[in-house]
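Single-structure report; data block below.
Please treat every number below as a calculation from the coordinates, not as lab data. Since we're looking at a predicted model, the values are computed, not measured. Virtual Cβ from ideal backbone geometry, glycine too; neighbours counted across all protein chains shown.
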Amino acid sequence: MRSHTVAYIGKRKAIMDFPQEFIRFVKNASRVVALTGAGVSQESGLRTFRDAQDGLWTKYKPEDLASPESFARDPKLVWDWYAWRREAVKGVRPNPGHYALVEMEKQIPEFTLITQNVDGLHRFAGSRNIYELHGNIQKVRCSECGTYAETWGDDTESVPVCQSCGGLLRPDVVWFGESLPRAELEAAVTASRACQVFMSIGTSGVVQPAASLAHAARNNGSVVVEINAEPTPLTPKVDFAFHGRSGEILPELVEAVWGN
Ligand code: OAD
């Protein structure tokens with residue numbers, strides 16, 4: 001299939017810029033997968049993973065904080081970084097891109113949302129058939145026995161500990177070098193292999209295994225679509241690429257496909 005790239009400028013450029021062929025694919029599809037990344041939450045006010053960090057965190061790379069080795073070396077530093085991110089997430093709300101994906105789930109018989117985001121904004125918006133591949137930042141569990149903690153004190157000099165075994169508490173997210181939750185990953189792979197349209201939205205597509213899902217879809221005959229602020233390593237491989245903000249493009253897409 002011919003690759004079709006549209007540089008999307010925003011609302012005023014509007015609906016007619018979606019190729020008719022693309023609209024037909026989405027409208028006729030009964031199995032659609034959307035894979036999202038940090039870019040989808042950018043318009044809610046959250047920084048993407050590879051953006052510069054704020055204030056005291058500017059001297060650290062996220063990759064250097066999100067690992068079991070970092071936690072073993074300096075658990076308090078890692079705990080505090082997640083506490084900072086957890087607070088940032090509490091203060092934000094879903095944006096029109098999140099809500100457009102909720103609408104797609106209503107319109108498409110089998111719609112699967114796979115997210116690398118740990119912010120929980122898709123669920124907050126109302127998405128239901130969703131796999132959170134990298135966990136959820138609002139959940140906390142013991143690093144030793146795995147017991148989930150409902151409450152913990154954040155005001156201590158040290159990392160809070162598990163009430164069952166005394167192990168250090170940690171966020172329930174997947175760190176570099178750790179395995180993804182098996183059931184979620186298997187379901188994500190199955191859905192990606194079976195879908196007719198696969199959309200990669202707001203992700204740089206450089207972190208595995210999530211990045212390989214688009215290829216699994218393509219190898220099984222799916223139409224692959226990218227929606228991103230800028231080109232990514234996936235762009236040359238997709239059938240349709242729309243470059244712009246997902247909070248603008250996704251609502252326009254819903255309108256173009258299912259509007260009157
Ligand atoms: P990244 O920070 O790597 O990429 C964000 C992507 O979103 C980039 O490609 C941006 O161009 C795009 N983007 C930014 N603003 C956008 C907007 N308003 N609309 C559309 N696109 C926009 O984030 P991820 O790809 O999600 O993993 O990163 C994947 C994983 O890497 C994360 O889940 C995390 C990280 O390491 C773990 O922590 C295990």
Worksheet item: Along the range 93-98, what does the Karplus equation 6.51 cos²θ - 1.76 cosθ + 1.60 (θ = phi - 60°) give for ³J(HN,Hα), rounded to whole Hz, x for Gly and Pro?
Response: 10, x, 10, x, x, 4
Item to complete: Could you pull out every residue, at least 5 positions away or on a different chain, whose amide H is within less than 5 Å of the one on Val140? Hs are placed 1.01 Å off N in the peptide plane, and Pro or chain starts have none.
Response: Ala149, Asp172
Worksheet entry | Overall form of the range 177-244 per C-alpha gyration tensor (a/c, 1.5; a/b vs b/c) | oblate
Worksheet item: When the Karplus curve 6.51 cos²θ - 1.76 cosθ + 1.60 is applied with θ = phi - 60°, which whole-Hz ³J(HN,Hα) does each residue of the range 25-33 get, with x for Gly and Pro?
Response: 4, 5, 5, 8, 6, 9, 10, 10, 10
Worksheet item: Alpha carbon centre of the range 132-168 versus the range 172-207: separation in Å?
Response: 24
Worksheet, complete the sentence: Summing -39500 (n - 2.57) over every DSSP H run of at least 4 residues in the chain and dividing by its residue count gives a helix-only mean residue ellipticity at 222 nm, to the nearest 500 deg cm²/dmol, of -9500 deg cm²/dmol
Practice prompt. Can you tell me the order of 40-46, 217-223 when each peptide is scored by its average per-residue count of other Cβ atoms within 10 angstrom, highest first?
Written response: 40-46, 217-223
Item to complete: Please list, in chain and number order, the residues 5+ apart from Tyr131 or on another chain whose amide H is under 5 Å from its amide H, with Hs placed from the backbone.
Response: Leu113, Ile114, Thr115
Worksheet item: How high is the relative contact order of the chain, in percent, counting Cα pairs under 8 Å that sit 6 or more residues apart?
Response: 29
Discussion item. Take the residue pairs Lys106/Lys237; Lys90/Lys139; Lys76/Lys139 and return only those whose Cα atoms are more than 23 Å apart.
Written reply: Lys106/Lys237
Fill in: Ranked by how many other beta carbons lie within 10 Å on average, peptides 145-153, 30-38, 83-91 from highest
30-38, 83-91, 145-153
Worksheet item: How many nm separate the modelled label positions at Asp64 and Glu255, each set 7 Å beyond the Cα in the direction of the Cβ?
Response: 4.5
